[in-house]
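Q: Mind having a look at this structure? Questions to follow.
The values are calculated or read from the model by the stated rules, or taken from the named source; none is laboratory data. Everything numeric in this text was worked out from a predicted model, so none of it was measured. Here Cβ is always computed from backbone atoms with ideal geometry, including for glycine, and neighbour counts include all displayed protein chains. Keep in mind that these areas ignore ligands, DNA and RNA; they rest on the heavy atoms of the full protein, side chains included. Shrake-Rupley method; radii C 1.70, N 1.55, O 1.52, S 1.80 Å.
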Amino acid sequence: DAMVIQNPRYQVTQFGKPVTLSCSQTLNHNVMYWYQQKSSQAPKLLFHYYDKDFNNEADTPDNFQSRRPNTSFCFLDIRSPGLGDAAMYLCATSRDHARSYEQYFGPGTRLTVT
Amino acid sequence: QQPVQSPQAVILREGEDAVINCSSSKALYSVHWYRQKHGEAPVFLMILLKGGEQKGHDKISASFNEKKQQSSLYLTASQLSYSGTYFCGTERNTGNQFYFGTGTSLTVIP
């Protein structure tokens, strides 16, 4: 039973063309995270939601936005993708604060920018 | 700052043991360990919530030295399925800002 679902699994977009990645969860977890992972690197946190509270990492480019319309869904919008935004995008959830609770990851969306 | 892991990469023969270390320049309030296989998402292994804690299941265990701001992951009698990249992770202070370590690539060969 899938618990964290990401769509699409693979996304190809053109340079500068907006793209939206989606994530949904069946765990009813409070916290949802978006990570960017480039080849041979660790996942890098872009932002997270604690319930409806949005928390942006200081070094996340303005080009990246997020929406969480309800507990189950979270979206990552890339307004004007550049070649450097090609990466795996991982969505994760946790029941509560990362200090005390494990994260559950979706399978990821591989973004290619042409 | 991102926690630093050592070694960066290790190759083992089946049945051998390995230790992966995770060090932070900031105070560690808890430490997570994840394994990621190529092309897949990270999978949770364990979390250590307080200094001095040790945990383990199967032949994978971990320790957390809060004073030294370090954690170590121990893999004993390694199996082929242990291959992957291991990441430690920690929350910075409060607020769910989560940082993965630099990663350790582990390859187990027959």
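Q: Can you tell me which residue among A:LYS44, A:LYS38 is within 13 Å of A:LEU90 (Cβ to Cβ), free of Cβ contacts under 8 Å to residues at least 24 places away in the same chain and surrounded by 13 or more Cβ atoms within 10 Å (Cβ to Cβ)?
A: A:LYS44
Q: Out of the range A:1-22, which residues are among the aliphatic types (A, V, I, L, M), within 13 Å of another protein chain (Cβ to nearest Cβ) and either over 16 Å from A:PHE73 (Cα atoms) or exposed (fewer than 12 other Cβ atoms within 10 Å of the Cβ) (or both)?
A: A:ALA2
Q: Which of the residues that make up the range B:8-17 are surrounded by fewer than 16 Cβ atoms within 10 Å (Cβ to Cβ) and either of a type in the set (Asp, Glu) or within 16 Å of B:ILE109 (Cβ to Cβ) (or both)?
A: Passing the criteria: B:ALA9, B:ILE11, B:ARG13, B:GLU14, B:GLY15, B:GLU16, B:ASP17.
Q: Against the definition (within 15 Å of the chain's Cα centre (by Cα) and within 11 Å of chain A (Cβ to nearest Cβ)), how does B:GLN2 come out, yes or no?
A: Here the answer is yes, as B:GLN2 does meet what is asked.
Q: Restricting the search to the range A:94-109, which residues are part of a loop (DSSP other than H, G, I, E, B) and open to solvent by 50 Å² or more (accessible area, probe 1.4 Å)?
A: Selection gives A:ARG95, A:HIS97, A:ARG99, A:SER100, A:TYR101, A:GLU102.
Q: Any residue at all in the range A:53-69 that's under 11 Å from the mean Cα position of the chain (by Cα), touching a residue at least 40 places away in the same chain (Cβ under 8 Å) and surrounded by fewer than 21 Cβ atoms within 10 Å (Cβ to Cβ)?
A: no
Q: Criterion first (of a type in the set (S, T, N, Q) and open to solvent by less than 20 Å² (accessible area, probe 1.4 Å)) does A:GLN25 satisfy it?
A: The answer is yes for A:GLN25.
Q: Separate question: What's the total number of residues in the range B:20-60 that are touching a residue at least 24 places away in the same chain (Cβ under 8 Å) and either in contact with an Asp or Glu (Cβ under 9 Å, 6 or more places away or on another chain) or surrounded by 14 or more Cβ atoms within 10 Å (Cβ to Cβ) (or both)?
A: 17
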